Amino acid sequence: MSELDDQFGQIDIYVFDQLLRGRLKPPMRLVDAGCGPGRNLVYFLRSGFDVFGVDSDAGAIASVRRLAGTLAPHLSADNFRVEPVEHMTFPDGFADVVLSSAVLHFASDDRQFAAMVHEMWRVLKPGGMLFSRLASAIGMENRVRPTAGGRFLLPDGSERYLVDEARLVELTRDLGGTLLDPLKTTIVQNQRCMTTWVVRKA
């Protein structure tokens, strides 16, 4: 178990699935939008990817810089930036892959959610892949209660910004993207639903 942990860290199982499908290969340039301390980046740092990340939490960025310094010391500390997802400083068409794992459901309202999505799309190259895992109402429509601005109270007592199937399909179309996989939702019993949204940029 420790060998797997050393190689992959605490990688999201659905990100791991994309690795198994061969969609993530070095030396792709990857931006983790809302990277936290780097739980999804261990394998990519070890394996020759050109890794970048942003997070609004300075402590998280300090942690991921230390991680990168150990696993990929050739990368610049400036690859990991203290900035919000909706205001990234990377140029247009910068990344082959943008990861967004358990980030978008922290949007404060519709406006911030849209800003985050469009900013991730902006930094993605044509032909690139956006991978997002986010809370949704899919499968739990009758058990979530709306508050305001697209946010809902969940059965686990938390409040999150939620999407549904129609919203993600419409958003994919409006972006001009193509779903690489059907939407896949995991229902965590009596707590929440998490949906995986994987889109190719035309």
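At-a-glance table
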| read-out | value |
| --- | --- |
| Condition broken by Leu153, with the remaining ones in (1) open to solvent by 40 Å² or more (accessible area, probe 1.4 Å); (2) out of contact with any helix residue (DSSP H, G or I) (no Cβ under 9 Å at 6 or more places or on another chain); (3) under 28 Å from Leu19 (Cα atoms); (4) among the hydrophobic types (A, V, I, L, M, F, W, C) satisfied | (3) |
| Filter pass, Gln18 being open to solvent by 70 Å² or more (accessible area, probe 1.4 Å) and part of a helix (DSSP H, G or I) | no |
| Long-range neighbours under 6 Å by Cβ, at least six apart or interchain, first residue among the β-branched types (Val, Ile, Thr) within segment 12-26, second not in a helix (DSSP H, G or I) | Val15/Asn40 |
| Residue match in segment 55-78 (condition: within 15 Å of the chain's Cα centre (by Cα) and buried (at least 24 other Cβ atoms within 10 Å of the Cβ)) | yes |
| Cross-chain or 6+ apart pairs with Cβ under 8 Å, segment 126-148 first and acidic (Asp, Glu), then open to solvent by 10 Å² or more (accessible area, probe 1.4 Å) | Glu141/Asp164 |
| Residue that is nearest to Arg200 (Cα to Cα), among those in segment 109-158 that are within 15 Å of the chain's Cα centre (by Cα) and hydroxyl-bearing (Ser, Thr, Tyr) | Ser132 |
| Matching residues, segment 79-114, being part of a loop (DSSP other than H, G, I, E, B), free of Cβ contacts under 8 Å to residues at least 60 places away in the same chain and either open to solvent by 10 Å² or more (accessible area, probe 1.4 Å) or not aromatic (Phe, Trp, Tyr) (or both) | Glu83, Pro84, Met88, Thr89, Pro91, Asp92, Gly93, Ala107, Ser108, Asp109 |
| Phe52 outside any strand (DSSP E or B), of a type outside the set (A, V, I, L, M) and closer than 16 Å to Ser76 by Cα | no |
| For Arg145: the one exception among (1) basic (Lys, Arg); (2) surrounded by fewer than 22 Cβ atoms within 10 Å (Cβ to Cβ); (3) under 30 Å from Arg29 (Cβ atoms) | (3) |
| Any hit, segment 23-30, residues being more than 15 Å from Val103 (Cα to Cα) and out of contact with any strand residue (DSSP E or B) (no Cβ under 7 Å at 6 or more places or on another chain) | yes |
| Qualifying residue in segment 31-47 (condition: touching a Cys at 6+ places or on another chain (Cβ under 6 Å), open to solvent by less than 70 Å² (accessible area, probe 1.4 Å) and not in a loop (DSSP other than H, G, I, E, B)) | no |
| In segment 187-202, residue most open to solvent (accessible area, probe 1.4 Å) [restricted to those that are under 18 Å from the mean Cα position of the chain (by Cα) and under 14 Å from Leu162 (Cα atoms)] | Arg192 |
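The values are calculated or read from the model by the stated rules, or taken from the named source; none is laboratory data. Note that the structure is predicted; figures quoted are calculated from it, not measured. Don't worry about glycine lacking a Cβ; one is built from the backbone with ideal geometry, like all the others, and counts go over all protein chains shown. Only protein heavy atoms, including side chains, enter the accessible area calculation; ligands, DNA and RNA are left aside. Shrake-Rupley method; radii C 1.70, N 1.55, O 1.52, S 1.80 Å.
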